[in-house]
Amino acid sequence: MLDACYTTSAVQAAVDLANTLKPIKGEDALETVEQLRDFLDAHPAAEPPSPAANQGAGPRQLTRADLAEVRAVRETVREVLERASADADEAAALINEGLRRSRTTPVLRHEDDRWWTEVTSDTDRCSAHLAATTLSALASVIATLGPARLGVCAGPTCRATFADLSRNGSKQYCTRTCAHRASVAAYRSRNGPR
Ligand SMILES: [Zn+2]
(Lines give C-alpha, C1' and ligand atoms only; values in the text may rest on other atoms or scores of the structure.)
Protein backbone atom coordinates (compact mmCIF):
# COMPACT_ATOMS: atom_id res chain seq x y z
CA MET A 1 0.00 0.00 0.00
CA LEU A 2 2.71 2.44 0.98
CA ASP A 3 4.67 1.52 -2.08
CA ALA A 4 1.99 3.12 -4.20
CA CYS A 5 2.70 6.47 -2.56
CA TYR A 6 6.46 6.60 -2.29
CA THR A 7 9.42 4.45 -3.04
CA THR A 8 11.91 3.69 -0.34
CA SER A 9 14.70 4.68 -2.69
CA ALA A 10 13.26 8.18 -3.13
CA VAL A 11 12.94 8.61 0.65
CA GLN A 12 16.51 7.37 1.03
CA ALA A 13 17.67 9.84 -1.63
CA ALA A 14 16.14 12.67 0.43
CA VAL A 15 17.85 11.54 3.64
CA ASP A 16 21.17 10.92 1.90
CA LEU A 17 21.01 14.34 0.24
CA ALA A 18 20.45 16.05 3.60
CA ASN A 19 23.25 14.00 5.14
CA THR A 20 25.85 15.05 2.58
CA LEU A 21 26.21 17.90 5.06
CA LYS A 22 27.55 16.99 8.50
CA PRO A 23 26.86 20.17 10.48
CA ILE A 24 28.74 19.22 13.65
CA LYS A 25 31.87 17.96 11.93
CA GLY A 26 31.59 20.77 9.39
CA GLU A 27 32.02 18.28 6.54
CA ASP A 28 30.31 18.72 3.20
CA ALA A 29 30.26 15.93 0.60
CA LEU A 30 28.57 18.08 -2.03
CA GLU A 31 31.12 20.72 -2.86
CA THR A 32 32.11 19.83 -6.41
CA VAL A 33 30.37 18.91 -9.65
CA GLU A 34 32.10 15.50 -9.44
CA GLN A 35 30.56 14.89 -6.03
CA LEU A 36 27.15 15.80 -7.44
CA ARG A 37 27.73 13.32 -10.30
CA ASP A 38 28.62 10.62 -7.75
CA PHE A 39 25.53 11.40 -5.69
CA LEU A 40 23.23 11.13 -8.70
CA ASP A 41 24.93 7.93 -9.89
CA ALA A 42 24.35 6.41 -6.45
CA HIS A 43 20.72 7.58 -6.39
CA PRO A 44 19.08 6.75 -9.72
CA ALA A 45 15.68 7.59 -8.19
CA ALA A 46 16.75 11.22 -8.17
CA GLU A 47 17.79 11.35 -11.84
CA PRO A 48 15.45 12.81 -14.43
CA PRO A 49 13.76 10.09 -16.51
CA SER A 50 15.87 10.57 -19.63
CA PRO A 51 13.94 13.24 -21.57
CA ALA A 52 13.47 12.72 -25.29
CA ALA A 53 15.98 15.45 -26.09
CA ASN A 54 18.62 13.74 -24.00
CA GLN A 55 18.14 10.20 -25.22
CA GLY A 56 21.26 8.53 -26.46
CA ALA A 57 23.30 11.48 -25.30
CA GLY A 58 24.80 9.56 -22.40
CA PRO A 59 24.88 10.95 -18.86
CA ARG A 60 23.83 14.56 -18.70
CA GLN A 61 26.44 17.25 -18.32
CA LEU A 62 26.38 18.86 -14.91
CA THR A 63 27.57 22.40 -14.26
CA ARG A 64 28.46 24.64 -11.34
CA ALA A 65 24.95 26.09 -11.70
CA ASP A 66 23.45 22.62 -11.15
CA LEU A 67 25.61 22.23 -8.08
CA ALA A 68 24.50 25.56 -6.62
CA GLU A 69 20.84 24.74 -7.28
CA VAL A 70 21.13 21.25 -5.79
CA ARG A 71 22.78 22.69 -2.69
CA ALA A 72 19.77 25.01 -2.29
CA VAL A 73 17.43 22.00 -2.64
CA ARG A 74 19.49 20.22 0.00
CA GLU A 75 18.92 23.11 2.37
CA THR A 76 15.15 22.78 1.97
CA VAL A 77 15.19 18.98 2.28
CA ARG A 78 17.32 19.18 5.40
CA GLU A 79 15.06 21.81 6.94
CA VAL A 80 12.00 19.64 6.31
CA LEU A 81 13.66 16.63 7.95
CA GLU A 82 14.81 18.73 10.91
CA ARG A 83 11.54 20.54 11.53
CA ALA A 84 8.78 18.10 10.62
CA SER A 85 8.33 16.49 14.02
CA ALA A 86 8.34 19.81 15.93
CA ASP A 87 6.53 22.01 13.44
CA ALA A 88 4.77 19.98 10.78
CA ASP A 89 2.92 22.96 9.30
CA GLU A 90 6.20 24.76 8.68
CA ALA A 91 7.65 21.60 7.11
CA ALA A 92 4.57 21.29 4.90
CA ALA A 93 4.91 24.91 3.78
CA LEU A 94 8.55 24.27 2.85
CA ILE A 95 7.59 21.17 0.88
CA ASN A 96 4.75 22.89 -0.94
CA GLU A 97 6.86 25.91 -1.82
CA GLY A 98 9.71 23.67 -3.02
CA LEU A 99 7.36 21.59 -5.18
CA ARG A 100 5.75 24.72 -6.62
CA ARG A 101 9.10 26.28 -7.45
CA SER A 102 10.24 23.07 -9.18
CA ARG A 103 7.12 23.04 -11.38
CA THR A 104 6.29 19.50 -10.33
CA THR A 105 3.65 17.40 -11.95
CA PRO A 106 2.28 13.97 -11.00
CA VAL A 107 2.59 11.15 -13.51
CA LEU A 108 0.90 7.75 -13.48
CA ARG A 109 3.26 4.99 -14.57
CA HIS A 110 2.69 1.41 -15.63
CA GLU A 111 5.17 -1.42 -15.99
CA ASP A 112 4.18 -5.06 -16.33
CA ASP A 113 1.38 -5.49 -13.78
CA ARG A 114 2.39 -2.65 -11.57
CA TRP A 115 0.95 0.87 -11.45
CA TRP A 116 2.40 3.71 -9.45
CA THR A 117 2.43 7.47 -9.31
CA GLU A 118 5.51 9.57 -9.51
CA VAL A 119 6.10 13.27 -9.09
CA THR A 120 8.44 14.75 -11.67
CA SER A 121 9.39 18.22 -12.78
CA ASP A 122 8.42 19.52 -16.18
CA THR A 123 11.69 21.42 -16.44
CA ASP A 124 14.94 19.79 -17.51
CA ARG A 125 16.81 21.10 -14.47
CA CYS A 126 18.54 18.38 -12.50
CA SER A 127 17.86 20.27 -9.26
CA ALA A 128 14.14 20.58 -10.02
CA HIS A 129 13.85 16.86 -10.63
CA LEU A 130 15.78 16.11 -7.46
CA ALA A 131 13.47 18.46 -5.52
CA ALA A 132 10.38 16.80 -7.05
CA THR A 133 11.58 13.31 -6.13
CA THR A 134 12.83 14.03 -2.64
CA LEU A 135 10.20 16.52 -1.44
CA SER A 136 7.30 14.44 -2.76
CA ALA A 137 8.77 11.36 -1.05
CA LEU A 138 8.94 13.24 2.27
CA ALA A 139 5.40 14.55 1.69
CA SER A 140 4.17 10.98 1.27
CA VAL A 141 5.89 9.83 4.44
CA ILE A 142 4.22 12.67 6.37
CA ALA A 143 0.84 11.93 4.78
CA THR A 144 0.95 8.17 5.34
CA LEU A 145 2.99 7.71 8.53
CA GLY A 146 2.92 11.17 10.14
CA PRO A 147 5.44 14.01 10.53
CA ALA A 148 7.08 12.47 13.61
CA ARG A 149 8.66 9.88 11.30
CA LEU A 150 11.13 12.47 10.04
CA GLY A 151 13.84 13.47 12.43
CA VAL A 152 17.37 14.19 13.51
CA CYS A 153 19.64 11.70 15.25
CA ALA A 154 19.62 12.07 19.04
CA GLY A 155 23.35 11.37 19.16
CA PRO A 156 24.90 14.50 20.73
CA THR A 157 27.69 14.67 18.17
CA CYS A 158 25.75 13.53 15.13
CA ARG A 159 22.72 15.48 13.85
CA ALA A 160 22.31 13.24 10.81
CA THR A 161 18.71 13.18 9.57
CA PHE A 162 16.56 10.09 9.13
CA ALA A 163 13.15 8.92 7.92
CA ASP A 164 11.69 6.14 10.02
CA LEU A 165 9.71 3.73 7.82
CA SER A 166 9.67 0.95 10.41
CA ARG A 167 6.51 -0.64 11.74
CA ASN A 168 6.66 0.78 15.27
CA GLY A 169 8.23 4.11 14.36
CA SER A 170 10.42 4.55 17.43
CA LYS A 171 13.65 5.50 15.74
CA GLN A 172 15.77 8.07 17.57
CA TYR A 173 19.20 7.50 16.09
CA CYS A 174 20.37 7.58 12.49
CA THR A 175 22.21 4.27 12.75
CA ARG A 176 22.80 1.42 15.18
CA THR A 177 26.29 2.77 15.67
CA CYS A 178 24.88 6.03 17.04
CA ALA A 179 22.33 4.21 19.23
CA HIS A 180 25.07 1.98 20.63
CA ARG A 181 27.38 4.90 21.31
CA ALA A 182 24.62 6.71 23.20
CA SER A 183 23.76 3.70 25.35
CA VAL A 184 27.40 3.18 26.25
CA ALA A 185 27.70 6.86 27.23
CA ALA A 186 24.52 6.65 29.32
CA TYR A 187 25.79 3.50 31.04
CA ARG A 188 29.12 5.13 31.88
CA SER A 189 27.49 8.25 33.30
CA ARG A 190 25.27 6.09 35.53
CA ASN A 191 28.09 3.90 36.73
CA GLY A 192 30.91 5.66 38.42
CA PRO A 193 33.57 8.16 37.42
CA ARG A 194 34.70 8.56 33.86
ZN1 LIG B 1 23.57 9.54 14.35
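Around the amide H of Thr117, modelled in the peptide plane, lie the amide H atoms of Arg109, all under 5 Å away and 5 or more residues distant in sequence or on another chain. Surface analysis of the chain yields an accessible area of 58 Å² per residue, using protein heavy atoms and a 1.4 Å probe. Its alpha carbons considered, the chain gives a radius of gyration followed by a Dmax of 18.0, 67 Å. Couplings 3J(HN,Hα) of the range 160-168, computed from phi: 6, 8, 8, 10, 9, 9, 6, 5, 8 Hz, in residue order, whole Hz [Karplus 6.51 cos²θ - 1.76 cosθ + 1.60, θ = phi - 60°; x for Gly and Pro].
With all protein chains in place and a 1.4 Å probe, the accessible surface of the chain carries 51 percent carbon and sulfur.
Have a look at Ile95, Ile142, Ile24 and tell me which one the Gaussian network model of the chain (Cα, springs below 10 Å) gives the largest fluctuation. Highest fluctuation of the listed residues: Ile24. The alpha carbons of the range 129-182 stretch over 35, 25, 13 Å along the principal axes, in descending order.
The values are calculated or read from the model by the stated rules, or taken from the named source; none is laboratory data. Just so we're clear, the structure is a prediction, and the values are computed from it rather than from any experiment. Surface areas here come from the heavy atoms of the whole protein model, side chains and all, with no ligands, DNA or RNA. Shrake-Rupley method; radii C 1.70, N 1.55, O 1.52, S 1.80 Å.
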